[in-house]
Each structure stands twice: as C-alpha cells, then as structure tokens.
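The values are calculated or read from the model by the stated rules, or taken from the named source; none is laboratory data. All figures in this text were calculated on a predicted structure; none of them were measured in a lab. Here Cβ is always computed from backbone atoms with ideal geometry, including for glycine, and neighbour counts include all displayed protein chains.
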Amino acid sequence: MGRRTKGRSIGSDLAGDIQTMLGSPPDLVCRSLIPDGDRIVQCIYLDSLVDKRTIDEFIVSSVQQNTFAEGPAASGNQYIQELPFTAPYETLRQQVLQAVITGKCVLIDAVRERLWLIDTYNAPGRQVDEPRTEPTIRGPYEGFTENIRINIGLIRKRIANPSLRFEQMTIGSQSGSTVMMVYMENLAPETLVREVRSRLAAIRTDSVLESSYVEEYIEDRILTPFPTLLNTERPDKTAAHLLEGKVAVMVNGTPFVLIAPLTFHELFNSAEDYYQRADIATFIRWIRLISFFAAVFAPSLFVAATTFHQELIPTELLISLSAQREGVPLPAFLEVLLMEIVFEIIREAGLRMPRAVGQALSIVGAIVLGQAAVEAGLISAAVVIVVAVTGITNFVVPVYSFGMSQRLLRFTFILLAGFMGLFGVLCGALFLLAHLVSLKSFGVPYLTPLAPANKDDWRDVLIRAPRPSMKPNLLPASIRRLKRK
Amino acid sequence: MSRRQRAAAAVLALCAALLTSCWDKVEINELSLVSLAGLDRDPESGIYTVYLQVINPATGASAQGAPGGEQAPVYTYTASGKSPGEAQASFYNVLPRRMFLHHAKAVLISERAARQGMRDFLNFSELQPDARTSIPLLVVDGSIAEVMRTFTPLERNPADSIVSRLDLMYDFTLKAGRRIELRDVIERVEREEMVVIPIVAATSKTGHLNSFDVNAEIDANRNQLRVSGGAVIRDYRMVGRLNEGDLVLYHVLTGEKGRFVRRFPFRGEHITVIMKTKRMERRLDWQDGKPVVRIRLQFEFSTIAMKEYFPQTLDELKKLEQHLNQVFAEELKTFVDKTRRKGWDLLRIRSLLHRKAPNLPDPDQAASEAEIKIEVETRLRGMGNLGGLYDGAGGEP
C-alpha cells in the first residue's frame, strides 16, 4: 500500500479528499480502473473541462488493457507529468487539486506507487470564427478565440520559426488565469521582453478575466485617453507585430491579444493595408486620418465658427445656416452637445440591445431624432449632419479602443469651443499635442517615427509604400530604439 | 504636481470659463448679415445717410428648393446722422439684429457724395474692425435710395448680382477692372494716382417694386440694376466719367488682362475683333531732358466674331495684323491725349516718374509734359469653325 503521510494515504484517501475539497461538484468523475486482478488505478478528472474521447480511448483503454506505460517524464513536459509518490501528502494533494481544476486527468496507481497528471484540457468554447471588431474584405477571416491553446496554434500556423517563444504564467490569486507572453527571441529586444515580463510579474490581483485587466496594470500611463497597448483579435496582425520584434500578451478566456509597444501612427494602420495595393492602402490611410480629425474636431469647429467666428463661414453657407437656425430655441453649443450625447446614448443602447430590437432602435434614432427633431424646429439640420458625420467618421478607425478615445476628446473640444471658440480649440489641440509627445509605450515615444523623426520609417506612416521599395528586414523605429538601449 | 496644486489648477481652469470670452458668443440668427452698404451725404444739410441691405435668411436657403415665397430676399435699412458714426448708431432704432458687416459684398456711394469727396466714408470704414476692405466700391448714378431699394432678377441678392457682373465684365468685356476694391482705391489715392471705379444705376421701372413681381417679370432689363461706365476718382473725389468704350481702353492701358470685343475700321468697313491682352510693358526714357513713356502692348485676337472679313492667306493675315496694330495704337493714343487734356493722369505717369526719377524738381510738370508712345502688336490665335465666309447675296445692305 502507499506511503502514509500524517495518517493519510494517497491510494485510499486522495480521491475522497479532492472530492471534499471541491465540494463534491456534479462534474467530478472518480473512476476505478482494474488492469489486472490485484491492481486498481484511480482516474480523477472534471468532466466539464476535459476531452472525454482522449480519456476513454487513450487513458482508460490503455490502463484497462495494462498497456499504459510512461517512463520518467521529462521536466517541463506539459502533457504528461509524473509526481513523486514519496512527496509529502499535503503537497501532492495541493498539486493534484490544482491539476484537476485546470482540466488534467489524474491517474493514481497505488500498487506500483505512481501518480500521473495527464493534460486532457478541452473546455467548452467557440471555434475559430471571423474577428468581430476587425473584419476585412481581403485577408484571412480567422480571429482569435477564448481558448488560449487554439490561439497559440493560430500564431504558430503563421510563424513556423523555432525562435518563437511562449512564456506562460498564472496571474490572479483567485482566478488563476493563464497569461502567455509571446515574442520572437531573435527579433524582440531583450530590454522589452524583460520589461514586459517584470511588469506582468508585478501584477497583484485576484482575477484576470480579460486582457484589459492586464492592460491597465502594465501600461505606462493610466491617465490618458490614448491606448498605449494595441489590442487585436487578428492572428495575422499579431504575427506581423511579432515579426517586427514586438511582444504579445495573451490571456486565456479572451480573444483580445495585447501588443507592446504601440506608437500613435499604428492606430491608423489596418491589417488590410498590407493586403491591398499600395496606392489604395495609402488613400485609405489618408481617409482614416481625415476621419480622425473630423471625428475629433468637426463638432467643436462647427460650434466655434457658428458662435464666435461667423466671418470665417462662406456667405452662402452662413445664410443657409442662419435660415436653418431660425426658431431653434437652443444655442448652437448646447444643440451640438445635446445631439452628441443623444447619439452616444443611441450607440450604447444599440450595443446592449438584443439584435431583434436593434432595427427598431435605428428607426427611432434616424427618424425621430433626425427628421422629426429638425422638422419640429428643435434642432437645426446642420447639427444633425455634423453629428452624423462625426458618428460615421468615428467608426473608420481600425482600432476600437482608439475610437473610444476620440469620443472623449470630441466632448472636451466641444466644451472648449463653446467657452472660448477657436482659441479654446487651439489651446486644446496644443495640449493634446504636448500630451501625445510626452506619452511613452514601454519606453518608446508615442509619436515615433514622426517625433523623434525617423525618415526610414516614413514609407509606412502617412503612406504605405509598395513592398519592394521598403527596406527589407527593417524593424520599426520603435524596436530599433529599444535594441540600441 | 501635488494634489493641492492639481486641484488649484482645475479650479482656475473652471474659473476661466467665467471669463468674458464666452460672453462674446453670438448665435448666427442674432446677426443681421449685411450684404450691401450704401453711403450718401446731402451737400446742403451735410447729413450722412447710410443704407444697409440685410439678407433675409428665410429666403436665402436656396438648398431647400424654390426660393422663399413672398418674402423679400433682402431688406434695406436706412439711418441718418451728422456723421457716419452717428448714422450707424441710429440703425438700432430700426434694425432688430446685431449689425454684421463681415459678409458685405460691395459698397455703393452716391455720385453727389463721391463728388463732394469720399475720404470721410473711407476713413470711417477703415476704422471699423469688422468691415472688409476687399470688396468693390461703386458709384451710384442717380438716386442711391432707389438703387438700394431695387431687386435683381435671377441672382436675388443685389450685392451678389453686382459682384458677379463685375467678374463677368472683367472676363469677357473688360468694362470692369480688377483693382476696384476699397483698399485699392485707398492705396492708389494715397499714392496720388487716379482710379476709375464702376458705376451702377437703376434701370427703368414698371411701377412694381416687390421682389415677387421682379421675379415674375420676363423683361429682365427693367426693374433692376445696370452696371455701366466708370467714375474717375482723384484725391478721394469723383472728377469725371468714362464711357464704356473708353473704359475698355483704360483697362487695356493699365494692364488688365481680360478679353474684350472691339470694332475697328478696315478697308472702308468695320471689323469686329475679340482681343485679349497678353503683355504690357512700360518703359521710361529721356529725350532732350523730357520724359518719354513707351508703352508696348501685345494682344492675342480671334476672328470668331469677325463676320465681315476672313483672311485666307498668310499674307492677308499679316496685313490684318499690321492694320490692327496701327489702328489700335492710334485709338489708344487718342484716348490718352483726350484724358490728358482734361488733366487726368489715368496712366499714372506721375507715379512712374516718382518711382524711376525721385529727384525731379516738379513731377507734376514733368508728368504733364511727358511724351507717350504706344506700340501695339497683335497676333491671331483663334479662327472659328469656318474655312471661309459664305458669300451669298443676302448679307447686310
């Protein structure tokens, strides 16, 4: 019989102890397999987390036919791990408990005094699907899933290179979430890898349910509307960034992967830019830039021009605007502010509402708030146009979190324009510029390669030069900068 | 920055919102958009009268379909006073919205005010921070009150109608020049040069004056404004007029580049030529101690409007060109001599002498004694669609 520790035996008590410690959950399975007359091998696993086919076809059958044989497992083998039977009972019990709740199957052979943990993890989840927030017309349709194993596979599929590194760690004292750091050992700067690793290791939290939990802990500055880490659910985009020497952080349970460092101009780049012809990609990039300025500044410029600087508006337009405003009770500033807030409400409601009701919402939004409000003389048609333009241009940006920052900035600028006109907008813009220049993402200035200027990289900033004219094997300026350190 | 400092900064920023900047905001529909300003001064009483034509935005929204019903597109407000400032101040007796001059398109001045001198008006206008000087100045022939109360068909805003006509007249007839804006007048007069600005008058009326009738009337030459002729300004005073034919020659000689149509005598008949100035050079020489101004003009012309004669060979063309060179140079010279006899230095010879020979003891005398030589060079550039004119018997008698 097995070695006794503090009066408890692995062979007879472990299964019962695990059951008690887990509170006898309905999905806990303890099976006794009998390979030959005098041996009983116990098999313990959580039914909801494992691949039952593997257990039935491989483990159970091989144990019962007495063909299950494993040599001493190499250390670090994630698939089959053998625990020393001679270890203290408490330690073993803790390890076994941890293994069971992370989807491993535990085999206890009390006669031969061997204890194996076999990875049979297969939690229920979505299959690989199209990325919801970053769809493209041309390019792969695969997006990350909530399963980190699948996500690793999606990256490996794209980078068949032995230098690809995955470093796993567990973060969250309660949730024990798996967080994976991914990088190319030969490309990523050592300083960056070390920095990401140390920032991840410094996280003290009870749970990590989404990558944003990690993001808030590891980003350089919290008080900024701009994201300093890129998040994406596209494996191709992640692979492209890894090949530029960046570091990705994956969290089990979310399709969103974080990529560091991030520079401002990358917020305007979409994966599709590199799948389209260069001229078209350049054109679309400019459209995105214009849209960014429209989304942030259009309502504030409208407010400033119509309430402070009417002399700037062309006469015909001024007459038309004046005609539209006849009888409108609110000042232009409040009109714009109110419509923007209403638009944000509709947008938020549209996100939360069940799809079937969504159409009703858009009808209410379009007809009631657009047409009826104008016809009733509550708001002027121009304001509806301005709000609609900002709304649409806000969706052009390829990074969703950046779209959110634009919404915040827009309101700030509307307030500034309402109080101080163009002077206020200009002050705000200067503050914004100063803030952008002062931002850093993992030690890299946010406006690289524009400020500090790096001409070699300009072929992929405001334009997307054709591939043959880009410098081959040139890492981005942000990474080169870190490598020099 | 400590927490206390941050809080103080936030409070200061909030206080900034209470500063006066946000109190000077004006909504668009609190403004009266002045499109045309008119100035008059009664020489006997010395009373200044200012007319402001204000756009009625309710009818201006052209994008919303048919122009607005029975409302007038503009309203003319009048105010009088012993000075322009006083007149302006009394506008609020009748004007319900804040006066907004930034979008004025043109300024009219009555002939009697122009003849008395327009310096005071221009000074007053320049002193206003919100007045624009990049708009044309026109002299009104006849009653300014009538002109300011006349609607224009097609282009419903009279100021737009006038400005648009000035552009077209420059491009296609050269009966209007480019440098007729308030600031040009001021600049030129300050340099002791003469300026010619366009003249506007009301055409004959059929009795109705409201905009609906003007827009319903098919005869667009009546009940509206007519831009024609030029007022000669010297030292902020109108000293004479130029008719349309002379106005073209004046603009040609001052280097304006528009197209124009002109009839010239040719082999006992007349030919109509469309011309365009290509280049103008002025050179100052001295001959026996007297200044000689040589003006060399190059024109391109086309025979598109020439129904009377069609040059068939290169030789004929050369002869036509030579003829035009000679006739046109003579016409220009005649015009220059005529104006100089009146004491008008329209070619700004005095200014040229002042620039090139600043040490002349008596520039006025030298300018009046200066000899002017005009050379013209024409070149055919367009022929029209025909290879030759039809020669049936049914032409003009």
- line: The one condition residue A:282 fails out of (1) at the interface with chain B (Cβ under 9 Å from one of its Cβ atoms); (2) out of contact with any helix residue (DSSP H, G or I) (no Cβ under 6 Å at 6 or more places or on another chain); (3) touching a residue at least 24 places away in the same chain (Cβ under 8 Å) is (1)
- line: Screening A:301, A:318, A:330, A:334 for residues that are farther than 30 Å from residue A:457 by Cβ, in the same structural domain as residue A:398 (by TED's automatic domain parsing) and touching a strand residue (DSSP E or B) at 6+ places or on another chain (Cβ under 7 Å) leaves only A:318
- request: Please work out if residue A:100 is at pLDDT 85 or above, in contact with a Cys (Cβ under 7 Å, 6 or more places away or on another chain) and within 26 Å of residue A:209 (Cα to Cα).
  value: no
task: May I ask you to list pairs of residues, at least six apart or on different chains, whose Cβ atoms are under 7 Å apart, with the first in region B:299-317 being over 14 Å from residue B:259 (Cβ atoms) and the second being of a type in the set (Ser, Thr, Tyr) and surrounded by 17 or more Cβ atoms within 10 Å (Cβ to Cβ)?
output: B:310/B:303
- prompt: From the list B:392, B:382, which one is small (Gly, Ala, Ser), closer than 24 Å to residue B:263 by Cα and over 31 Å from the mean Cα position of the chain (by Cα)?
  reply: B:392
message: Any residue at all in region B:376-391 that's in contact with a helix residue (DSSP H, G or I) (Cβ under 9 Å, 6 or more places away or on another chain) and acidic (Asp, Glu)?
response: yes
- request: Sort through A:482, A:462, A:416 and tell me the only one that's more than 21 Å from the chain's Cα centre (by Cα), at pLDDT below 95 and under 14 Å from residue A:266 (Cβ atoms).
  value: A:462
field: Where a residue in region A:88-107 is within 20 Å of residue A:124 (Cα to Cα) and its partner, wherever it lies, is assigned to a loop (DSSP other than H, G, I, E, B) and of a type in the set (D, E, K, R), with Cβ under 9 Å and at least six apart
entry: A:103/A:51
task: Kindly indicate whether any position in region A:421-439 is under 27 Å from the mean Cα position of the chain (by Cα), surrounded by 17 or more Cβ atoms within 10 Å (Cβ to Cβ) and away from every other protein chain (no Cβ under 13 Å).
output: yes
Residues of region A:83-103 classified as of a type in the set (S, T, N, Q) and part of a helix (DSSP H, G or I), total: 4
- line: Across region A:322-349, the tally of residues that are away from chain B (no Cβ under 11 Å) and surrounded by 14 or more Cβ atoms within 10 Å (Cβ to Cβ) stands at 11
message: Can you say whether residue A:348 is assigned by TED's automatic domain parsing to the domain that holds residue A:422, within 28 Å of the chain's Cα centre (by Cα), modelled with pLDDT of 90 or more and charged (D, E, K, R), as far as the supplied structure shows?
response: no
query: Which of the residues belonging to region B:241-275 are assigned to a strand (DSSP E or B) and either at positive phi or among the basic types (Lys, Arg) (or both)?
result: B:241, B:259, B:262, B:263
query: What pairs can you find where one residue is in region B:118-145 and farther than 15 Å from residue B:100 by Cα, the other is among the hydroxyl-bearing types (Ser, Thr, Tyr), and their Cβ atoms are less than 6 Å apart, with a gap of 6+ or different chains?
result: B:118/B:236; B:119/B:236; B:140/B:110; B:144/B:110
task: Pull up region B:24-62, narrow it to residues that are aliphatic (A, V, I, L, M) and more than 7 Å from chain A (Cβ to nearest Cβ), then point me to the one that is nearest to residue B:102 (Cα to Cα).
output: B:34
task: Quick one: which residue in A:297, A:308, A:302 is at pLDDT 95 or above, surrounded by 20 or more Cβ atoms within 10 Å (Cβ to Cβ) and within 14 Å of chain B (Cβ to nearest Cβ)?
output: A:302
task: Quick one: which strands (runs of 3 or more DSSP E) lie wholly within region B:65-128 and hold at least 3 residues that are within 14 Å of chain A (Cβ to nearest Cβ)?
output: B:98-100
message: Looking at B:322, B:312, can you tell me which residue is surrounded by fewer than 19 Cβ atoms within 10 Å (Cβ to Cβ), polar (S, T, N, Q) and outside any loop (DSSP other than H, G, I, E, B)?
response: B:322
field: residue A:317 within 14 Å of chain B (Cβ to nearest Cβ), loosely packed, with under 15 Cβ neighbours inside 10 Å and either under 30 Å from residue B:100 (Cα atoms) or of a type in the set (Val, Ile, Thr) (or both)
entry: yes
message: If the requirement is being over 21 Å from residue B:185 (Cβ atoms), assigned by TED's automatic domain parsing to the domain that holds residue B:32, buried (at least 16 other Cβ atoms within 10 Å of the Cβ) and in contact (Cβ under 8 Å) with a residue 24 or more places away in the chain, which of these qualifies: B:96, B:153?
response: B:153
message: If I ask for residues that are farther than 27 Å from residue B:326 by Cβ and more than 13 Å from the chain's Cα centre (by Cα), which ones from region B:229-271 would you list?
response: B:234, B:235, B:236, B:237, B:238, B:239, B:240, B:241
task: Could you list all residues from region B:99-144 that are of a type in the set (S, T, N, Q), modelled with pLDDT under 90 and surrounded by 15 or more Cβ atoms within 10 Å (Cβ to Cβ)?
output: B:125, B:133
